[in-house]
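The values are calculated or read from the model by the stated rules, or taken from the named source; none is laboratory data. Just so it is clear, the structure is predicted and the values come from calculations on it, not from any experiment. All Cβ positions, even for glycine, are placed from backbone atoms using ideal geometry, and neighbour counts span all protein chains on display. These area figures cover heavy atoms from the full protein model, side chains too; ligands, DNA and RNA do not enter into them. Shrake-Rupley method; radii C 1.70, N 1.55, O 1.52, S 1.80 Å.
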Amino acid sequence: MLPTDSLDTKSKWKCEKCCHSIEAEKVSQIVEELLQERNSIPKADVPGHLQFVSKAEKLLHPNHYVLTCTKRWILPLLCQNPKGASEQEWKEKLKMAMDYLTLIETINLGVIKDKGRTLFEVSNSILALAKIQRENQQISEEQFKGCLINDLFPILTEIIHTLRFDGLSSFEGKLCEASKFYLKSFQNYSRHYS
C-alpha cells in the first residue's frame, strides 16, 4: 500500500494490486502497533525477530522503515548458532543481505558504513555456502576457487574501500581488517591451488 497523494499525510492509502484503500490514521495505527511489537522483542531473540518480519511483510511495503530496520538489526545475528547453520539458513541470510544491499544502492547514499557492513554479511554468507557445498561435494575444488576469485575478491575489495577510513578500534575498522585478512588468505589459497 502507498498513499494516493504522497505529499498529503492525511490521504488514503491504496493497494497497488487490488485497489483496496484505507484511511491514513489506520495505517499510522498499524505501523505504531508494529513498532511497539518490534520494540518488545528482546534484542538477541533472532527467531522472534524473524517471526515479526514474516508478520510485518504481510502488512507493510518490503522497503518500509520498520521492516528495513528490523532486517538490518538481525542480519549480523543470523547464522550465529554454535552448532552451525544449515545451507538453507545461509541462503536466507544471503537473500536478506542482498535485498538490503539493493535498497542501499537504490537510495544511492555513496560510500557508507552500512553498505560495508552489509557487504561483509554478503561475503560471509557466500563463503559459508561455498564451504558447505564443497564439503558436500556439490561443487569441485576448482569451482570453490572460482567462487573465491570471482565472487569474494571483488566484494572484499569493496568492503576495504568502503571502510578504510574507520578507526581500527571501531566495529567497521575491525570488519575492514578482517576483510584484508580474508582477501590475503584467499589470494594465498588460490595461488597454492593454481
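Of all residues in the range 13-30, how many are modelled with pLDDT of 85 or more and assigned to a loop (DSSP other than H, G, I, E, B)? Summing the residues that are modelled with pLDDT of 85 or more and assigned to a loop (DSSP other than H, G, I, E, B) in the range 13-30 gives 1. Taking the range 38-69 as the range and being farther than 24 Å from residue 16 by Cβ and of a type outside the set (A, V, I, L, M, F, W, C) as the test, the residues that pass are 38, 39, 40, 42, 43, 45, 47, 48, 49, 51. Would you confirm whether or not the range 86-95 contains a residue that is outside any helix (DSSP H, G or I) and among the hydroxyl-bearing types (Ser, Thr, Tyr)? Yes, the conditions are met somewhere in the range 86-95. Out of everything in the range 92-121 that is open to solvent by 30 Å² or more (accessible area, probe 1.4 Å) and among the polar types (S, T, N, Q), what residue ends up being farthest from the chain's Cα centre (by Cα)? Checked the range 92-121; the qualifying residue farthest from the chain's Cα centre (by Cα) is 108.
Every listed requirement among (1) at pLDDT 90 or above; (2) open to solvent by less than 40 Å² (accessible area, probe 1.4 Å) is met by residue 124 save one, (2). For residues that are of a type in the set (Lys, Arg) and either open to solvent by less than 50 Å² (accessible area, probe 1.4 Å) or touching a helix residue (DSSP H, G or I) at 6+ places or on another chain (Cβ under 6 Å) (or both), scanning just the range 127-153, find the one that is nearest to residue 181 (Cα to Cα). By that ranking, first place goes to 145.
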